[in-house]
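The values are calculated or read from the model by the stated rules, or taken from the named source; none is laboratory data. Everything quoted here is computed from the prediction, not taken from an experiment. Cβ: placed from backbone, ideal geometry, glycine included. Neighbour counts: every protein chain shown.
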Amino acid sequence: MSDADVLAAALPLLILVAIVFLVILVWGLFLISQNQVGILTRKMGGRRMPPGQVIARHGEVGVQSATLMPGLYFRMPVIWTVMKVPVTEVGDANIATVESIDGRPLPKGRLLGDEVECNQFQDAEKFLDGGGYKGPQVAILRPGKYRINTIAFNIKMWTAAHINSEQVGVLTAQDGQPLPSRFIVAPQPTLVPTKERPNARQHNYFQDGQAFLDSGGFRGPQLDTLQPGRYYVNPLLFNVDVKSVADVPPGFVAVLRSNVGEELDRPDAKPVPVTDSPNFDQTVTSSVETLLTPDRGRRGIWQTPVAPGKYNLNPIAFTAYMVPTSAIMVDWASSDRPTSPEMSRPSTIPSKDTSSYPYLDTQTTRGESFFRFSQLKVTSKDGFQLEVDVRMVIRILPDNAAFIIARFGSVFNLIQQIVHPLIDSSFRNNAGEKKALEFVQSRTQLQVEALEKARTEFAKYMVEAQNLLISYIAVDETLLKTQTEKEIAIQQQAQYQQQALAEEQRIAVQEKTARANMQPQVVQAVLQVEINENNAKALVKQAEGVRDSTRLRADGDGAAIRTVGQAQADAYNAQAIVIGPERVALVKVMEQVRDGGVRITPDTYVSTGADSSGGANTLFTAYLATLMAKGSSPASPTKSPPLSAGSSTTSAPSAKKSDPSS
């Protein structure tokens, strides 16, 4: 058989072998990208794993602890299988806890496996060879990317502990040394290396769980807290409970009761004998009422209170009791009675939990506290039921706040056990010694006496009584009726007296008003008198002037007349000498006739034609003459009416004036 025949016969086999080789080559090549992790599993050709082992290492058959980093790899497909998984990525606000499915068993009493150097669980083989424990691990994965064998380690994501402002993180350890039964709060771990704990160190606010365990940390509530911020704390090791900060409002102090430290041993003691004359001024004899110094390692009440402010207080380690140091108002009043005056307090009394004291809501302000009771019901000496509304103002000094809490436990107990019984009994006793009206009328004195008694008694309990006010006293209406009528009568008498005085005053006012109203006329009259006086004086002066002027005029006229008369006399004398005295007189008469001064003829002449001596004719003639005289005037004579037959009327012609020159 020739070589060509042999080659031709072997060619299909060679092709088959080449194909198989290519298939195996392609099948056995593995490319691991940057965001992947290759996990190998050996199927054959290696040693068997010991019993109880889960993850193979050093060539054992099974899932290998070693992983493949990014790159191109060839593994015999028949022997190996490769599983590609994404890298583990932890966000900025997260952490990841790790649980190993293989390793040494955890020691008895432990919940978490100690930290082993294994490059943040990225080298599982090193973890197992280094003695890593099976189960949850103390170490955690912080934000970042990790190439972890997710078959060897189970990864669980958690949100990192975040503490906001005005909050505090209270931690409770789940692993560590068991907490002794005499402790409530775990003692702080050792923070510096010692002979007993050479690996002790700072745990960086519980973020280094292994340091906490190496330093001897105890399980249970921890004294230290987490302040505002973000913390990468293993949630399998610590439970983080977020609480609000302690807020001590203005007007209050906080008395702290420490729960830190070992329970105190108390020696056996015999009962204290009871005095036969107990009073409010008894001294503190029991050891449970004594105060502790501010020692953080001992339980008890701190003597120095906490001032107003905000504190990152661990509520498990310390219990804060709010004590008001400003005015504490205690009211005994009924809010349901319509006649009761409103006080500066809520209109309704909501049910409140005493543990939430002080009450801060929309109806109250910081620094104020209200303790309210029903009104005081007392019975007077004469058997009348009275209801008294009282407000008491007390104050506790800050230095005495711890003693109040040590002896009474709370301000509520102080009010209930001391203040309320004392004020109630004081008013009851006072009312029983007085009649109802006397009790009501002595309200001011009652306030003073009750306040003085309260100050004396409260001082024994280190409480300062500042003021006591009686706001209202409700009295039986039947009792007040006669008193009211009497008072009304008295008031009416006083009213009538006042009305009489008012009327007198009104009269005086009206008189003064009338005088005031007439005042302008009075002034006008006075002024008129003065004017009249001045007018009279003026008239006198005028009369004197007229007199003088008349006298002077008369003197002048007289002188003129005398001069004229003298001239006329001289003229008459000259005429008399020339024509004679009789003719001068006749000339003057004729001048008077001429001038109309003398009448020589009648205005109307009536004649009847009969004998003029007859009486009838004479009377009739006179009557006609009178009528005609009335009907005519000398200046314009009228036409006479027609006369009877036989009568005639003749008018005398008026005399002509003579011309003096003729």
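Here are some notes:
- Only listed residue being closer than 23 Å to Asp123 by Cα, modelled with pLDDT of 90 or more and either part of a helix (DSSP H, G or I) or out of contact with any strand residue (DSSP E or B) (no Cβ under 9 Å at 6 or more places or on another chain) (or both), chosen from Gln64, Gln53, Gln34: Gln34
- Residue within the stretch 483-496 that is closer than 30 Å to Ile423 by Cβ and in contact (Cβ under 8 Å) with a residue 40 or more places away in the chain present: yes
- For Ser442, the requirement of being out of contact with any helix residue (DSSP H, G or I) (no Cβ under 6 Å at 6 or more places or on another chain), closer than 19 Å to Lys377 by Cα, in contact (Cβ under 8 Å) with a residue 40 or more places away in the chain and of a type in the set (Ser, Thr, Tyr) is not met.
- Within the stretch 84-100, being aliphatic (A, V, I, L, M) and loosely packed, with under 14 Cβ neighbours inside 10 Å holds for one residue alone: Ala93.
- If you filter the stretch 176-195 down to residues that are buried (at least 20 other Cβ atoms within 10 Å of the Cβ) and in contact (Cβ under 8 Å) with a residue 40 or more places away in the chain, you find that the one that is farthest from Tyr232 (Cα to Cα) is Val185.
- In the stretch 588-601, the residues that are assigned to a loop (DSSP other than H, G, I, E, B) reach residues that are at pLDDT 70 or above and of a type in the set (Val, Ile, Thr) with C-beta atoms within less than 9 angstrom, at least six apart or across chains, in these pairs: Val598/Val589; Arg599/Val593; Ile600/Val593.
- Lone unmet requirement of (1) surrounded by fewer than 21 Cβ atoms within 10 Å (Cβ to Cβ); (2) part of a helix (DSSP H, G or I) for Ala401: (1)
- Residue match in the stretch 267-283 (condition: at pLDDT below 90, outside any loop (DSSP other than H, G, I, E, B) and out of contact with any helix residue (DSSP H, G or I) (no Cβ under 8 Å at 6 or more places or on another chain)): no
- The residues on offer are Thr513, Thr550, Thr563, and the sole one that is surrounded by fewer than 11 Cβ atoms within 10 Å (Cβ to Cβ), of a type in the set (Ser, Thr, Tyr) and either part of a helix (DSSP H, G or I) or more than 60 Å from the chain's Cα centre (by Cα) (or both) is Thr563.
- With a requirement of 1 or more residues that are within 28 Å of Asp241 (Cβ to Cβ) and of a type in the set (Ser, Thr, Tyr), the strands (runs of 3 or more DSSP E) lying completely within the stretch 90-192 that satisfy it span 94-100, 153-159, 167-173.
- Residue identified as surrounded by 14 or more Cβ atoms within 10 Å (Cβ to Cβ), within 21 Å of Val87 (Cα to Cα) and hydrophobic (A, V, I, L, M, F, W, C) among Leu40, Leu29, Leu72: Leu40
- Of all residues in the stretch 308-320, exactly one satisfies the criterion of being part of a strand (DSSP E or B) and buried (at least 20 other Cβ atoms within 10 Å of the Cβ), namely Phe318.
- Filter result (farther than 21 Å from Leu111 by Cβ and touching a helix residue (DSSP H, G or I) at 6+ places or on another chain (Cβ under 7 Å)) within the stretch 172-203: Arg201, Gln202
- In the stretch 468-488, of all residues being aliphatic (A, V, I, L, M) and in contact with a Leu (Cβ under 8 Å, 6 or more places away or on another chain), the one that is nearest to Thr456 (Cα to Cα) corresponds to Leu468.
- Set Ala508, Ala489, Ala459: member being at pLDDT 85 or above and either over 30 Å from Trp332 (Cβ atoms) or hydroxyl-bearing (Ser, Thr, Tyr) (or both): Ala508
- Residues that are among the charged types (D, E, K, R) and assigned to a helix (DSSP H, G or I) within the stretch 193-215 comprise just one, Asp214.
- Residue match in the stretch 231-238 (condition: loosely packed, with under 13 Cβ neighbours inside 10 Å and either at pLDDT 95 or above or under 21 Å from Leu313 (Cα atoms) (or both)): no
- Single residue of the stretch 208-228 satisfying the filter (buried (at least 20 other Cβ atoms within 10 Å of the Cβ) and acidic (Asp, Glu)) that is nearest to the chain's Cα centre (by Cα): Asp208
- Restricting attention to the stretch 417-426, the residues that are free of Cβ contacts under 8 Å to residues at least 24 places away in the same chain and either more than 15 Å from Gln375 (Cα to Cα) or crowded, with 17+ Cβ neighbours inside 10 Å (or both) total 1.
- Comparison of Val87, Val61, Val54 shows that the only residue that is closer than 20 Å to Tyr133 by Cα and either of a type outside the set (Ser, Thr, Tyr) or in contact with a Ser or Thr (Cβ under 6 Å, 6 or more places away or on another chain) (or both) is Val54.
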